[in-house]
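Colleague: Let me begin by handing over the structure; questions about it come next.
The values are calculated or read from the model by the stated rules, or taken from the named source; none is laboratory data. All figures in this text were calculated on a predicted structure; none of them were measured in a lab. Don't worry about glycine lacking a Cβ; one is built from the backbone with ideal geometry, like all the others, and counts go over all protein chains shown. Please note that ligands, DNA and RNA were not included when accessible areas were found on the heavy atoms of the full protein model with its side chains. Shrake-Rupley method; radii C 1.70, N 1.55, O 1.52, S 1.80 Å.
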Amino acid sequence: QQPVQSPQAVILREGEDAVINCSSSKALYSVHWYRQKHGEAPVFLMILLKGGEQKGHEKISASFNEKKQQSSLYLTASQLSYSGTYFCGTLGGADGLTFGKGTHLIIQP
Amino acid sequence: SQTIHQWPATLVQPVGSPLSLECTVEGTSNPNLYWYRQAAGRGLQLLFYSVGIGQISSEVPQNLSASRPQDRQFILSSKKLLLSDSGFYLCAWNRALEQYFGPGTRLTVT
């Protein structure tokens, strides 16, 4: 089943913070986060494997609440380069990913 | 280091024509390989995956097929394209659960 992402879109000014949520109706063993720029392939950001795990990449971090079957992606002091569509993914057959519909993030100067 | 290639980068094909998209991976052996499609303005949908030569699993019924003739080669095909086959086709491979995408092929069916 497809994970559910919220919000669908976010518009921020440079330097502001954002949170993107990802939840699933089935048990989660891992959550995968990607960013996709317009016209390009998605780029791997991070994977969270354990409940309660938190990771960081530049000023982007994520948490994973296994009990609540959800993950959140935090973007701190956003930069123009953070613009794009963010996808969360959950594992399926042979480790193929089922992705959410994406969250469009627009950063304005 | 590992790299993944896809070609062609863009393709315009008429309805009813055949299709062949190729994906190759370098720098690794026996990878799991995946084909995804992204329709315009939509999310990513897993189409096929392969855990080895000749082993193909389909995630959704459709007008497409996949083959893996060599360890590091994955091919997506169709005998007759439909308008609904238009989209951005992405090949991917796994490294310890981390999945990496190729540059993609943008297919427009006219």
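Colleague: Given chain A, what whole percent of its Cα pairs are spread farther than 17 Å? Display every interim value, and only then the final one.
Modeller: Working: 2883 of 5886 pairs.
Summing the P(r) tail past 17 Å for chain A gives 49 percent.
Colleague: I need the phi-derived Karplus couplings for segment A:31-48: 6.51 cos²θ - 1.76 cosθ + 1.60, θ = phi - 60°, integer Hz, Gly and Pro marked x.
Modeller: Once θ is set to phi - 60°, the couplings for segment A:31-48 become 10, 10, 10, 9, 10, 10, 8, 4, x, 10, 6, x, 10, 5, 9, 6, 10, 10 Hz.
Colleague: ³J(HN,Hα) across segment A:77-88 via Karplus (A = 6.51, B = -1.76, C = 1.60, θ = phi - 60°), whole Hz, x for Gly/Pro?
Modeller: Coupling constants for segment A:77-88: 6, 4, 10, 4, 5, 7, 4, x, 10, 9, 10, 9 Hz.
Colleague: Next question. Largest first and in whole Å, what are the equivalent-ellipsoid semi-axes of chain B based on the Cα gyration tensor, each being the root of 5 times an eigenvalue? Provide the component values of the computation, followed by the final result.
Modeller: Values: eigenvalues 101, 39, 32 Å².
Ellipsoid half-lengths, sorted descending, are 23, 14, 13 Å.
Colleague: Per-residue HN-Hα couplings for segment B:64-70, Karplus 6.51 cos²θ - 1.76 cosθ + 1.60 at θ = phi - 60°, whole Hz, x for Gly and Pro?
Modeller: Karplus-based 3J(HN,Hα) across segment B:64-70 equals 10, 9, 9, 9, 10, x, 9 Hz.
Colleague: Oh, and also: Please report the spacing between the Cα centers of segment B:9-71 and segment B:76-90 in Å, no decimals.
Modeller: Comparing the Cα centres of segment B:9-71 and segment B:76-90, I get a distance of 10 Å.
Colleague: Per residue of A:87-99, count partner chain C-beta atoms within 10 Å of its C-beta, then hand back the mean as an integer. List each step's numbers first, then the result.
Modeller: On the way: counts 3, 0, 4, 0, 2, 4, 5, 11, 9, 15, 9, 5, 6.
Taking the mean over all residues of the peptide, I get 6.
Colleague: With r defined as the distance between the Cβ atoms of A:Tyr74 and B:Asn30 and R0 fixed at 30 Å, what FRET efficiency is calculated, to the nearest 0.05?
Modeller: Details: r = 36 Å, r/R0 = 1.21.
The formula returns an efficiency of 0.25 here.
Colleague: Per-residue mean of other chain beta-carbon atoms within 10 angstrom of the beta-carbon, peptide A:25-35?
Modeller: Average neighbour count from other chains, rounded to a whole number: 1.
Colleague: Right, next: Please list, by residue number, everything in segment B:16-32 whose backbone N is under 16 Å from a paramagnetic label point 7 Å out along Cα→Cβ of B:Gln55.
Modeller: Those under the cut-off are B:29-32.
Colleague: Evaluate the relative contact order of chain B (contact order divided by residue number), counting alpha-carbon pairs under 8 angstrom at least 6 apart; express in whole percent.
Modeller: Relative contact order of chain B: 36 percent.
Colleague: Would you calculate the separation in nanometres between label points at A:Gln108 and A:Ser61, each defined as 7 Å from the Cα along the Cα-to-beta-carbon direction?
Modeller: Going from the A:Gln108 label point to the A:Ser61 one covers 2.8 nm.
Colleague: If you don't mind, there's one more thing I want to ask. How big a patch of accessible area, both sides summed and in Å² to the nearest 100, lies buried between A and B at a 1.4 Å probe?
Modeller: 1500 Å²
Colleague: Which one of B:Ile53, A:Cys22, B:Tyr100 is farthest out on the positive end of the charge dipole of the protein assembly as shown, using unit charges on Cβ (Lys, Arg +1; Asp, Glu -1) and the Cα centre as origin?
Modeller: The residue sitting most towards the positive pole is A:Cys22.
Colleague: Report the accessible area of B:Tyr100, computed with a 1.4 Å probe over the heavy atoms of all protein chains in place, in Å² rounded to the nearest 10.
Modeller: Using a 1.4 Å probe on the heavy atoms, I get roughly 60 Å².
Colleague: Enumerate the amide H contacts of B:Leu82 below 5 Å, restricted to partners 5 or more residues apart or on another chain; note that Pro and chain-start residues carry no placed amide H.
Modeller: B:Gly16
Colleague: Return the lysines within reach of A:Lys101: Cα separation strictly under 25 angstrom, same-chain partners fewer than 8 residues apart disregarded; answer none if there are no such residues.
Modeller: A:Lys101 reaches A:Lys26, A:Lys37, A:Lys50, A:Lys55, A:Lys59, A:Lys67, A:Lys68.
Colleague: Can I ask one more? Relative contact order of segment A:4-108: what whole-number percent is it, with Cα pairs under 8 angstrom and at least 6 residues apart?
Modeller: 36 percent
Colleague: Next question, about the same structure. Residue by residue through A:57-69, how many Cβ atoms from other chains fall within 10 Å of the Cβ on average? Before the final figure, lay out the partial values.
Modeller: Values: counts 0, 0, 0, 0, 0, 0, 0, 0, 0, 0, 0, 0, 0.
The per-residue average across the peptide is 0.
Colleague: Something else about it: Between A:Gln8 and B:Leu97, what FRET efficiency comes out of the Förster formula 1/(1 + (r/R0)^6) with R0 = 30 Å and r the beta carbon distance, rounded to 0.05?
Modeller: 0.65
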